[in-house]
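Colleague: The structure under discussion is supplied below as structure tokens; questions concerning it will follow.
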Amino acid sequence: MNPIGIFGGTFDPIHYGHLRTAFEMLQALRFAEVRFVPSGDPPHRNSTYAPASLRLEMVRAATANETSFVVDDCELQRSGPSYSVDTLAALRGQHPAASLSLIVGMDAFLGLTSWYRWEEILNYAHIVVAHRPGWRAPDIGALGELISAHGTHRVDDLHEQTNGRIYIHAVTQLEISSTEIRELVMAGRDPRFLMPDVVRDIIVKSHCYATGESI
Ligand code: ATP
């Protein structure tokens, strides 16, 4: 099996918190590749700031130098809200025998039960949760039960099974968020070193987060 990590996000914009998490997951969980899947129309947000095509361009630019990073624009090709369950079902159709792991940050995992058809996600993939600063794994409630039924501490389980397990993995804590970057740019400040320069260049040229000329 060639285990595949799937990293969905709004990526508005992509930053080193995303990239480092994906890279550490790639190495620690021995994925053959990590697929970045920018959300076309994120169901949990009223709107995005940069348009989908530009967010995709930033993800492509940021990942271009790592051959194990793949960019998948399937959510931009579909119409309607970008539900992860639909993406995972489509990937499962393309890779019937592969181990698929959906990579999510702890903040995203804590909101899992609000996702469309969330109960079906483990039918298609494992869920791999990246620890983020300030967040703890739940031990009670629906998520607590889900972790006790499906949780594993063995990376091999993610390889030997195609789906259905939950694995929590600590990653280097980089307290960077897309919100903070957008706010910096809107305030006329430079987001340099929070993301690859190629992404910063796209932000500067496109004025996607601020119309001013200050950076
Ligand atoms: P926003 O600030 O706009 O909410 P974000 O920085 O959280 O954005 P998203 O595109 O919403 O970025 O996140 C995509 C995925 O990456 C989510 O699973 C999220 O938990 C995870 N993630 C975001 N920032 C980090 C970070 N600094 N470290 C690890 N994971 C992160």
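Colleague: Looking at Ser53, Ser82, can you tell me which residue is out of contact with any strand residue (DSSP E or B) (no Cβ under 9 Å at 6 or more places or on another chain) and in contact (Cβ under 8 Å) with a residue 12 or more places away in the chain?
Modeller: After ruling out the rest, the residue left standing is Ser53.
Colleague: Condition check: more than 9 Å from the ligand (Cβ to nearest atom), surrounded by 13 or more Cβ atoms within 10 Å (Cβ to Cβ) and over 12 Å from Ile6 (Cα atoms). Does Ala137 satisfy that?
Modeller: The answer is yes for Ala137.
Colleague: I'd like the residue in the range 165-215 that is of a type in the set (S, T, N, Q), assigned to a helix (DSSP H, G or I) and in contact (Cβ under 8 Å) with a residue 12 or more places away in the chain and, out of all such residues, is surrounded by the most Cβ atoms within 10 Å (Cβ to Cβ).
Modeller: Selected residue: Ser178.
Colleague: Among Val155, Val198, which is the only one that is under 21 Å from the mean Cα position of the chain (by Cα), away from the ligand (no atom under 16 Å from the Cβ), under 30 Å from Leu54 (Cα atoms) and of a type in the set (Val, Ile, Thr)?
Modeller: Result of the check over Val155, Val198: Val198.
Colleague: Shifting gears a bit: Could you list, in sequence order, all residues of the range 1-57 that are in contact with a Lys or Arg (Cβ under 8 Å, 6 or more places away or on another chain) and more than 9 Å from the ligand (Cβ to nearest atom)?
Modeller: Correct list: Pro3, Ile4, Gly5, Ile6, Gly40.
Colleague: State all residues of the range 90-105 that are away from the ligand (no atom under 14 Å from the Cβ) and within 16 Å of Arg165 (Cα to Cα); if no residue qualifies, say none.
Modeller: Answer for the range 90-105, where residues must be away from the ligand (no atom under 14 Å from the Cβ) and within 16 Å of Arg165 (Cα to Cα): Arg92, Ala97, Ala98, Ser99, Leu100.
Colleague: Still on this structure, I have one more. What number goes with the only condition from (1) in a helix (DSSP H, G or I); (2) touching a helix residue (DSSP H, G or I) at 6+ places or on another chain (Cβ under 6 Å); (3) within 12 Å of the ligand (Cβ to nearest atom) that Ala108 does not pass?
Modeller: (2)
Colleague: Say whether the condition of being of a type in the set (Phe, Trp, Tyr) and closer than 30 Å to Asp201 by Cβ is met by at least one residue in the range 115-131.
Modeller: No: zero hits.
Read the figures in this text as sums done on the coordinates, not as results from a lab. Here the structure is a predicted model, which is why all the values come from computation and not from measurement. Note that each Cβ is placed from the backbone with ideal geometry, even for glycine, and that neighbours are counted across all protein chains shown.
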